[in-house]
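The values are calculated or read from the model by the stated rules, or taken from the named source; none is laboratory data. Small disclaimer: the values here were computed from a predicted structure and weren't measured. Glycine also receives a Cβ, built like all others from the backbone with ideal geometry; neighbour counts cover every protein chain displayed. Just so you know, the surface numbers come from the protein's heavy atoms only, side chains and all, with ligands and any DNA or RNA stripped out. Shrake-Rupley method; radii C 1.70, N 1.55, O 1.52, S 1.80 Å.
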Amino acid sequence: MDPEEYTISFYKMLRSHGDKDRAKMQTAYMKNKFAFVGLTMKERRDLQKAFEKEHGSPSGENFRDIVYLLWNIDLRDCQMSALDIMVKSKKYYREEDIKLIEYCITQKSWWDTVDMLASHCAGSWFQKYPERIAEVTGKWMDSGNMWLQRTALLFQLKYKADTDTALLSDYIVRLTSHEDFFIRKAIGWILREYGKTNPEWVVDFVARTPMSELSRKEALRRIN
């Protein structure tokens with residue numbers, strides 16, 4: 001099926017299964033930033049699975065077009081479905097797909113999409129193209145875009161022992177004075193997660209690095 005036809009059919013299918021009352025609650029929870037159909041995550045994923053069984057899963061050749069099309073529909077369920085496609089398609093990532101990842105980070109940005117893009121999509125892409133890490137994340141850090149900066153902090157969320165602590169330290173120090181909640185929370189989150197692998201390093205880093213109380217508490221929450 002043509003990517004545009006596929007996307008339109010998928011959109012119509014989601015709309016036909018929505019719950020208006022739940023949609024209102026979901027929209028309110030997301031501070032009225034996005035419209036929802038009114039499906040739980042499980043319901044949406046079950047519908048997506050059934051749709052793909054009937055119409056085929058986006059392949060390595062056309063998943064990009066479908067992701068772009070879904071992302072530009074003013075329905076949060078469509079962005080979340082696009083994310084699921086991107087995660088499932090990570091083995092097909094090409095070097096130029098960082099443009100798609102960056103597009104999704106900067107369009108319709110909020111924590112629900114950015115965090116998944118950072119830890120699953122960007123994280124997987126950088127594992128495939130590690131020689132691009134410094135260049136791309138450095139650009140993100142210099143961009144002034146809070147969501148790109150949050151991604152630069154969080155892309156190593158699942159790296160465990162492979163975490164580049166020198167890079168992480170540099171980016172945290174550069175953002176410790178940032179006033180936005182989402183940056184301060186991300187600093188604490190990445191430190192807490194790395195603390196599962198190397199708690200001694202995290203305790204030492206927090207002790208010698210000035211940071212917000214939110215970041216500090218979040219970083220040490222599972223250690224102390």
**Q.** Rh by Kirkwood over Cα pairs, then Stokes-Einstein D for region 113-224 at 1.306 mPa s and 10 °C, µm²/s
**A.** 115 µm²/s
Q. For the pair residue 131 and residue 1, what calculated FRET efficiency results from E = 1/(1 + (r/R0)^6), where r is the Cβ-Cβ distance and R0 = 41 Å, to the nearest 0.05?
A. 0.65
Q: For region 154-211, would you read off the P(r) tail past 19 Å as a percentage of all alpha carbon pairs?
A: 19 percent
Q. Short version: ³J(HN,Hα) in whole Hz for each residue of region 149-155, in order, from phi by Karplus 6.51 cos²θ - 1.76 cosθ + 1.60 (θ = phi - 60°), x for Gly and Pro, what are they?
A. 5, 4, 5, 4, 6, 9, 5
Q) Can you run phi through the Karplus equation (6.51, -1.76, 1.60; θ = phi - 60°) for region 123-130 and list ³J(HN,Hα) in whole Hz, with x for Gly and Pro? A) x, 5, 4, 5, 5, 7, 10, x
Q. Against the longest alpha carbon principal axis of the chain, how many degrees, from 0 to 90 and to the nearest 10, is the axis of helix 181-195 turned?
A. 70 degrees
**Q.** Proportion of all alpha-carbon pairs of the chain beyond 31 Å (%)
**A.** 28 percent
Q: Can you tell me the 0 to 90 degree angle between the C-alpha axis of helix 3-16 and the longest principal axis of the chain, rounded to 10?
A: 90 degrees
Q) Fully extended, how many nm does the chain gain between residue 87 and residue 103 (0.36 nm per residue separation, minus their Cα-Cα distance)? A) 4.2 nm
Q: State to the nearest 20 debye the size of the charge dipole of region 82-224 about its Cα centre, where the only charges are +1 on K and R beta carbons and -1 on D and E beta carbons.
A: 400 debye
Q: Would you please give the FRET efficiency between residue 95 and residue 209, computed as 1/(1 + (r/R0)^6) with r the Cβ-Cβ distance and R0 = 41 Å, to the nearest 0.05?
A: 0.75
Q) Of all accessible surface on region 82-189 at a 1.4 Å probe, what whole percent is carbon and sulfur? A) 51 percent
Q: Can you check how the C-alpha radius of gyration of region 1-67 compares to 2.2 N^0.38 Å, as a plain ratio?
A: 1.23
Q.
Give me the extension gain from residue 165 to residue 27: residue separation times 0.36 nm, minus the current Cα-Cα distance, reported in nm with one decimal.
A. 45.9 nm
Q) For region 1-134, what is the accessible area per residue in Å², given a 1.4 Å probe and the full set of protein chains? A) 52 Å²
Q: With runs of 4+ DSSP H residues as the only contributors, calculate the mean residue ellipticity of the chain at 222 nm using -39,500 (n - 2.57) per run, divided by the residue total and rounded to the nearest 500.
A: -19000 deg cm²/dmol
Q. Under the definition of Cα pairs under 8 Å and six or more residues apart, what whole-number percent is the relative contact order of the chain?
A. 12 percent
**Q.** Accessible solvent surface per residue of region 165-224, calculated while the other protein chains remain in place, 1.4 angstrom probe, Å²
**A.** 52 Å²
Q. Across region 26-42, in residue order, what do the Karplus-derived ³J(HN,Hα) couplings come to in whole Hz, using 6.51 cos²θ - 1.76 cosθ + 1.60 with θ = phi - 60° and x for Gly and Pro?
A. 5, 5, 5, 4, 8, 6, 6, 7, 9, 8, 10, 6, x, 10, 6, 4, 5
